[in-house]
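Engineer: One structure follows; several queries about it will come next.
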Amino acid sequence: MIDLNGIAALVPDLTALRRDIHAHPELGFCEHRTAGIVADALRTLGLEVTTGLGGTGVVGVLRRGTSNRMIGLRADMDALPFDEQTGLPHASTHAGAFHGCGHDGHTAMLLGAARHLAAQGGFSGAVAFIFQPAEEGQGGAREMIRDGLFDLFPCEQVFAIHNWPDLPAGAIRTRPGPIMASADKFQITIEGRGGHAALPHDTPDALLAAADLVQQLNTIVSRRVPATQAAVLSVTKIAGGHAHNVIPASCEIMGTVRTFDPEIQDRIEASIHAMAQGVAASTETVIRVDYDRYYPATINDADAARDVLEAARLVSDDVAEAPVPAFTSEDFSFMLQQRPGAYIWLGQKAPDHNQPLHHPRYDFNDSVIVQGVALLTALVVSRLPES
């Protein structure tokens with residue numbers, strides 16, 4: 001059984017730690033203070049500590065018993081680049097940086113699991129506590145892997161928890177297969193010639209080409225993706241022009257694509273290029289498409305997802321398989337490409353915690369720290385049983 005009372009006794013200290021990190025947020029690859037706090041805490045527990053992995057990443061290893069097996073538990077440490085509007089006593093003290101996605105809570109929960117397991121044991125093998133930088137669009141997981149994460153720490157499986165404001169506090173969900181979408185971004189530059197707005201016949205019109213192309217892009221999902229597949233294409237920026245009487249020489253379109261299937265990802269990217277070429281030919285403009293697949297889809301191993309649900313039932317009364325994946329993205333996907341494992345949603349919704357992720361008034365719900373620590377502990381004990 002999991003010692004929930006013992007874990008609950010850690011929560012006041014973990015809450016204070018979480019709020020301290022929240023008040024001092026650091027952006028991706030700049031998590032020097034946070035990484036220092038993490039490394040010092042792990043050393044105090046007697047763990048083997050490696051720092052500087054992937055820039056500012058930290059890994060602590062806890063060993064017990066005689067088994068040579070290892071599993072990995074991951075938390076992200078970085079903040080988001082915008083201002084907080086909560087007005088809370090522990091609000092961000094750094095302009096333009098804010099823990100608006102709960103990574104401060106993820107860090108506190110993983111430190112709590114390290115603390116509890118170091119004190120209680122109950123497993124045989126090794127646990128790699130992976131504290132990752134730069135999850136928010138910068139690929140910190142990829143950088144840790146490039147620095148040899150899984151060569152240095154040969155985990156059999158790897159797991160990560162993310163708080164989920166759409167679920168009631170303490171609820172636990174995961175699913176086999178896709179759980180988070182891939183994230184692609186496109187930037188399209190349209191070059192005309194520019195000229196007087198009263199003489200449009202004298203110049204290829206970049207804005208007209210952009211308007212035509214945006215209309216066509218919004219037909220891709222409905223007309224080029226099978227109805228049995230899920231995908232999203234959103235145009236999020238159109239920029240060009242500076243005066244009412246000037247046809248600009250160029251303009252820019254930006255947007256994102258989210259999918260779960262690499263074949264659909266290929267189809268959408270090819271369609272964007274084809275449509276751009278067609279509009280360029282018909283409008284006598286020059287169109288360049290830059291397409292970046294920056295995060296792959298997060299795909300859970302089926303066995304690992306079942307392991308999570310089994311362990312979760314030891315610590316929560318609200319456990320179920322997630323019925324559908326989310327269209328948001330996560331760079332834990334890079335780790336799941338290297339090792340089987342599972343990404344887990346931990347509910348945090350309550351009357352005083354009802355803001356979505358990335359909202360300026362979001363704050364992590366400290367009441368779910370106990371479930372997070374307990375679930376991480378249960379995964380270790382169940383996956384690395386004592387002989």
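Engineer: Take the residues of segment 261-298 that are in contact with a Ser or Thr (Cβ under 6 Å, 6 or more places away or on another chain) and part of a strand (DSSP E or B): which is nearest to THR189 (Cα to Cα)?
Structural biologist: ARG288
Engineer: Using the structure shown, decide if ALA9 is modelled with pLDDT of 95 or more and surrounded by fewer than 15 Cβ atoms within 10 Å (Cβ to Cβ).
Structural biologist: Here the answer is yes, as ALA9 does meet what is asked.
Engineer: Name the pairs whose Cβ atoms lie under 7 Å apart, with the first residue in segment 84-98 and open to solvent by less than 60 Å² (accessible area, probe 1.4 Å), the second at pLDDT 95 or above and among the basic types (Lys, Arg), and 6 or more positions between them or separate chains?
Structural biologist: THR86/ARG361; HIS90/ARG19
Engineer: Another one. For segment 270-285, does any single residue satisfy the condition of being open to solvent by less than 30 Å² (accessible area, probe 1.4 Å), within 26 Å of the chain's Cα centre (by Cα) and among the β-branched types (Val, Ile, Thr)?
Structural biologist: yes
Engineer: Would you mind telling me which numbered condition in (1) touching a residue at least 12 places away in the same chain (Cβ under 8 Å); (2) open to solvent by 70 Å² or more (accessible area, probe 1.4 Å); (3) out of contact with any Phe, Trp or Tyr (no Cβ under 7 Å at 6 or more places or on another chain) LYS185 fails?
Structural biologist: (3)
Engineer: Moving on. Of all residues in segment 4-29, which are free of Cβ contacts under 8 Å to residues at least 40 places away in the same chain and within 20 Å of ARG146 (Cα to Cα)?
Structural biologist: none
Engineer: While we're looking at this one, here's another question. Could you list, in sequence order, all residues of segment 208-255 that are surrounded by 15 or more Cβ atoms within 10 Å (Cβ to Cβ), assigned to a loop (DSSP other than H, G, I, E, B) and of a type in the set (A, V, I, L, M, F, W, C)?
Structural biologist: If the condition is that a residue be surrounded by 15 or more Cβ atoms within 10 Å (Cβ to Cβ), assigned to a loop (DSSP other than H, G, I, E, B) and of a type in the set (A, V, I, L, M, F, W, C), then VAL225, ALA230, ALA249 are the ones that fit.
Engineer: Next question, about the same structure. Can you name the residue in segment 321-370 that is of a type in the set (D, E, K, R) and more than 30 Å from PHE153 (Cβ to Cβ) and is also least open to solvent (accessible area, probe 1.4 Å) among such residues?
Structural biologist: This residue is ASP363.
The values are calculated or read from the model by the stated rules, or taken from the named source; none is laboratory data. Since the structure is predicted, the reported quantities are computational estimates derived from the model, not experimental observations. For neighbour counting, all protein chains shown are included, and Cβ atoms are generated from backbone atoms with ideal geometry for every residue, glycine included. Side chains included, ligands, DNA and RNA excluded: accessible areas come from the protein's heavy atoms. Shrake-Rupley method; radii C 1.70, N 1.55, O 1.52, S 1.80 Å.
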